[in-house]
């Protein structure tokens, strides 16, 4: 009989108990054993971390059928439960149906002794892309299994992300379904509840503080009709080229006249109201407009860089939150025109704030270095920012900010937003992620919030798994991790062959050359793409032979790899045609790649964002 004892009442600890029972039963175990779940204090253990609300660690002691899982906080007990199950033979291959590989067992390990702590404090994923609510809930269920401790519900309502899915934006196969802003709020509530049930840190909002406080709705990056913008809003918009107006028709992109006291007060009070109404928020993101070189040029705003006015508002916000006795942490953003640091203003209460570095213009062929290679960034010039493209140029701005702020930091990065879709094997972007994370310490970064497509396991979850595992343990071995994942995904007997195949595809789809025109020797990209086509043709018989694997997780994995081969052969052929200046042929072949994806969308639903795939494949190659 399975006996699990929770030593204190907590929904996350109770969930850990249910997960242990559920998965061990599914693995066929029928023996007798007892496991206690409790806090470090209840087992006389000392924590390594300084803040149990942020720092995660657990210990497992299990000997002769009896033992315990202890955690520094409730979610750490859940982390420990999943690690216990892994020792017993479970693997978390990907989110969604048939995403777990559960080895059948007749007995439990005789002795388990583990004590481990997360190396990085911030380990979260941010909603993006095209999603149904079930996609997000499946992802949140999977995240703690590989060590993530936070989820970020971007915007107040997340409408743009859900609407893309339920309207089937771009789909030639499915018709739009009815959807509303009210429903999106309901979905966000469900997602936040699932996040808190697991004890994960809830990040919220980010975009919208430059329009919502002024009566202008913010549902995404779509243009808003001019007649829907009140004149009162235009009056507070940034003065650019002698005119105050909504930038590019998007309130989301619009900067304001941040030197105005009424603007500052409206933004601060809007944040305070939100946190009063949403007390479960752990980390509130307070961002400015989502564009660059549209900073206010009025006489007062000209006096300092935007960062000075930003810090001034942040200090006012901190004072109001202290008045209201609200403990939520606030994220401030280094991004676009906020890359250059303030000249005069400084944060008065650094403990309230978390610095977030968002290098959206970097490339993902090269990793972060160990330490800052460049520390000088261009001086601020009003509305003449040249966006940095290299990793080192981006990091130079981070170094300058870190001379002024010594509190918590993390990076908000985009490895799995666009570029990874050109890495057909998924191995190069995973290795870049791995090396990035291992160098965070040398750059003063305390973790990662990944701004990414939620459905991101095509053909495997290597990148997401690498992210979660390495943020927990920066000493984890990449090759061991990938071999273990491939064995669980396709079967141990096929892990090496699949690994070689995917490594070949990653090498041949040179994302630097495809996306950023990074130079290769003359004709080299053509040679590589032809090698990719040949590798796919050679491996297809192996894929076909395993499509009817007995284990449901393996069977689904081979089915996905079959679809993947058909799609990416066409992608390679399209890029080859593009290199040969046969633009119409290239388009037709890429259309076929996307047609396959859309046709197979029901099968791909958990692992590939077809809308973004179509968009990226048609718009992002720079050949």
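Observations, loosely collected:
- Every test in (1) without any contact (Cβ under 8 Å) to a residue 60 or more places away in the chain; (2) part of a helix (DSSP H, G or I) is passed by residue 8 save one, and that test is (2).
- Elements of type strands (runs of 3 or more DSSP E) in the range 15-111, at least 2 residues being within 20 Å of residue 124 (Cβ to Cβ) and touching a residue at least 12 places away in the same chain (Cβ under 8 Å): 57-63
- Residue within the range 183-191 that is modelled with pLDDT of 95 or more, more than 25 Å from the chain's Cα centre (by Cα) and farther than 21 Å from residue 382 by Cα present: no
- Which listed residue, of 29, 40, 68, is modelled with pLDDT under 95 and either within 33 Å of the chain's Cα centre (by Cα) or buried (at least 17 other Cβ atoms within 10 Å of the Cβ) (or both): 29
- Scanning the range 213-230 for residues that are at pLDDT below 95 and part of a helix (DSSP H, G or I) yields 226, 227, 228.
- In the set (1) in the same structural domain as residue 431 (by TED's automatic domain parsing); (2) surrounded by fewer than 22 Cβ atoms within 10 Å (Cβ to Cβ); (3) in contact (Cβ under 8 Å) with a residue 24 or more places away in the chain, the condition left unmet by residue 476 is number (3).
To keep it simple, each residue is scored yes or no on (1) more than 30 Å from residue 57 (Cβ to Cβ); (2) assigned by TED's automatic domain parsing to the domain that holds residue 342; (3) touching a helix residue (DSSP H, G or I) at 6+ places or on another chain (Cβ under 8 Å).
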position: 228; (1), (2), (3): yes, no, no
position: 248; (1), (2), (3): yes, no, no
position: 255; (1), (2), (3): yes, no, yes
position: 286; (1), (2), (3): no, yes, yes
position: 290; (1), (2), (3): yes, yes, yes
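- Of the helices (runs of 4 or more DSSP H) that lie entirely inside the range 494-589, not one contains 3 or more residues that are buried (at least 20 other Cβ atoms within 10 Å of the Cβ) and either touching a strand residue (DSSP E or B) at 6+ places or on another chain (Cβ under 7 Å) or not assigned by TED's automatic domain parsing to the domain that holds residue 608 (or both).
- Residue 178 satisfies every condition listed in (1) under 30 Å from residue 34 (Cα atoms); (2) at pLDDT below 95; (3) surrounded by fewer than 17 Cβ atoms within 10 Å (Cβ to Cβ) except (1).
- Only one of 461, 450 that is buried (at least 21 other Cβ atoms within 10 Å of the Cβ), at pLDDT 95 or above, touching a strand residue (DSSP E or B) at 6+ places or on another chain (Cβ under 7 Å) and at negative phi: 450
- Residue within the range 234-250 that is farther than 27 Å from residue 269 by Cα, at pLDDT 95 or above and outside any strand (DSSP E or B) present: yes
- Residue check for residue 353: closer than 18 Å to residue 444 by Cβ, within 25 Å of the chain's Cα centre (by Cα) and assigned by TED's automatic domain parsing to the domain that holds residue 437: yes
- Among the residues of the range 361-397, those that are out of contact with any helix residue (DSSP H, G or I) (no Cβ under 8 Å at 6 or more places or on another chain), part of a helix (DSSP H, G or I) and farther than 19 Å from residue 511 by Cα comprise 393, 394, 396, 397.
- Tally, over the range 164-198, of residues that are part of a helix (DSSP H, G or I) and free of Cβ contacts under 8 Å to residues at least 24 places away in the same chain: 5
The values are calculated or read from the model by the stated rules, or taken from the named source; none is laboratory data. Everything numeric in this text was worked out from a predicted model, so none of it was measured. Quick reminder, even Gly has a Cβ in these numbers, built from the backbone with ideal geometry, and neighbours come from all protein chains shown.
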